[in-house]
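Q: Before we start, here is the structure in question, set down as structure tokens.
FYI, it's all coordinate maths here, none of it is from the lab. Computed from a prediction, not measured in an experiment: that's the story for all the values here. As a convention, Cβ positions derive from the backbone with ideal geometry for all residues, glycine included, and neighbour counts pool all protein chains shown.
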Amino acid sequence: MAVRTQVSGVLVAIAAGSRTNVWGVNASGEICRYTSNDASSFVVMPGAGAGHRGGDPE
């Protein structure tokens with residue numbers, strides 16, 4: 001069973017391929033990558049997301 005740990009900050013979308021391969025998008029459209037570092041759990045990556053649409057494509 002997976003253990004979930006809440007970290008500070010706000011992501012509007014999150015995706016995980018494994019417990020060490022976790023990505024998210026914040027409200028500003030910045031792409032964030034999980035680092036496994038308690039001092040800085042997610043870091044903003046260069047570039048920006050094109051937007052997030054949840055659910056099925058129309």
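Q: Taking the range 21-32, which residues are farther than 15 Å from Gln6 by Cα and in contact with a Phe, Trp or Tyr (Cβ under 9 Å, 6 or more places away or on another chain)?
A: Scanning the range 21-32 gives Asn21, Asn26, Ile31, Cys32.
Q: Then there's this: Go through the range 19-37 residue by residue and tally those that are part of a loop (DSSP other than H, G, I, E, B) and over 13 Å from Gly9 (Cβ atoms).
A: Counting residues in the range 19-37 that are part of a loop (DSSP other than H, G, I, E, B) and over 13 Å from Gly9 (Cβ atoms) gives 5.
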